[in-house]
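One structure below.
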Amino acid sequence: MSVFFRFAYRFGFKPWDSGVSPPELVSFVQANPPGKALDLGCGTGTNCIYLAQHGWEATGVDFTPRAIAMAKQKTKNAGVSPRLIVGDVTRLTELGIGDGYRLLLDLGCFHSIPDSSRDAYVRGATQVAGPGATMLLFCFIRRNGRPRIGPPAIARNEVRERFSTSWDVLREQSGLPLAGLDSAWYTLRKR
């Protein structure tokens, strides 16, 4: 996947980058006072900018240097300065990002991580999240659990199973299907 994303950013193919923050994030920000927020797989920084503009201390992490370079230019143009880091979201504690995050946002990163690294992602997210933190997580879901060719996806119950030791799933909202995949927004709360 890393080769795909590096290629995609190099040639401007990034259909996941709408440039608009999702309504799930907007609703959360409108209903909660600012705090520390972590955008996992932040891409070109759209959501870090939105968070910073609304008083949040935002940090974005993405493993694609070109995406972070684009994010830095966008944040400069927007007049905000979230922290943007090139790094592996499965190694969060090694990146020096700190802890105590009240909000973690993942708009399609988790489902792009290889199955064998997803537990490391969950461990790291759990370690950097403060008590009672909220995670907003968007994923594509494989139908019938079958592997397939196309966009990456997770198994139907994977979020509940992988996050079960430290997080409660407060809400699972089905989204629109795309390319033979289902999608869902999850709202999780750290215990």
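Calculate one ³J(HN,Hα) per residue across the range 33-43 by plugging θ = phi - 60° into the Karplus curve 6.51 cos²θ - 1.76 cosθ + 1.60, and present them in order as whole Hz with x for glycine and proline.
Each residue's phi maps through the Karplus curve to give x, x, x, 8, 10, 10, 9, 8, x, 6, x Hz.
Of the peptides 102-112, 49-59, how do they stack up when ordered by the mean number of other Cβ atoms within 10 Å, highest first? Walk me through the numbers on the way to the answer.
Working: 102-112: 23.2, 49-59: 21.4.
Output ranking for 102-112, 49-59: 102-112, 49-59.
Residue by residue through the range 181-191, what is 3J(HN,Hα) from phi via Karplus (6.51 cos²θ - 1.76 cosθ + 1.60, θ = phi - 60°)? Round to whole Hz and write x for glycine and proline.
Each residue of the range 181-191 in turn: 10, 8, 9, 7, 9, 10, 10, 10, 10, 6, 6 Hz.
Which far-off residues, 5 or more places away or on another chain, put their amide H under 5 Å from the one on Leu104, with H placed in the peptide plane?
Close amide H contacts, sequence-distant or interchain: Leu38, Thr134, Met135, Leu136.
Given the DSSP H assignment, sum -39500 (n - 2.57) over each helix run of at least 4 residues in the chain and divide by its residue total; what's the result at 222 nm in deg cm²/dmol, nearest 500? Could the numbers behind the result be given before it?
Working: 6 runs with 58 residues, N = 191.
Result for the chain, helices only: -9000 deg cm²/dmol.
Averaged over every viewing direction, what's the projected area of the C-alpha convex hull for the range 64-152? Give it in nm², one decimal, please.
Details: hull surface 29.0 nm².
Mean projected area of the Cα convex hull: 7.3 nm².
In whole Hz, with x marking every Gly and Pro, tabulate ³J(HN,Hα) for the range 89-101 from phi via Karplus 6.51 cos²θ - 1.76 cosθ + 1.60, θ = phi - 60°.
Karplus-based 3J(HN,Hα) across the range 89-101 equals 5, 8, 9, 4, 5, 8, 8, x, 8, x, 9, x, 5 Hz.
Points 7 angstrom from Cα along the Cβ direction at Asp182 and Gln30: gap in nanometres?
2.8
Rounded to a whole number, what is D in µm²/s for the chain from Stokes-Einstein with the Kirkwood radius over alpha-carbon pairs (10 °C, 1.306 mPa s)?
Working: Rh = 16.7 Å.
Using the Kirkwood radius from Cα pairs, D works out to 95 µm²/s.
Roughly what percent of Cα-Cα pairs across the range 10-85 reach past 17 Å? Can you show the working numbers first?
Numbers: 1095 of 2850 pairs.
Across the range 10-85, Cα pairs with separations above 17 Å total 38 percent.
For Lys72, go through the aspartates and glutamates and keep the ones whose alpha-carbon is under 20 Å away, minus same-chain ones fewer than eight residues off.
Asp17, Asp39, Glu57, Asp62, Asp88, Asp106
Okay, which of the range 67-104 sit inside 14 Å, backbone N to the point 7 Å along the Cα-Cβ direction of Gln53?
74-82
Quick one: which residues, 5+ away or cross-chain, put their amide H under 5 Å from the amide H of Asp182? H built at 1.01 Å from N.
HN-HN under 5 Å from Asp182: Ile141, Arg143.
Bear in mind these aren't lab numbers, they're just calculated from the coordinates by the rules spelled out. Just so we're clear, the structure is a prediction, and the values are computed from it rather than from any experiment. Positions of Cβ are generated from backbone atoms using ideal geometry, with glycine treated the same way; all protein chains shown enter the neighbour counts.
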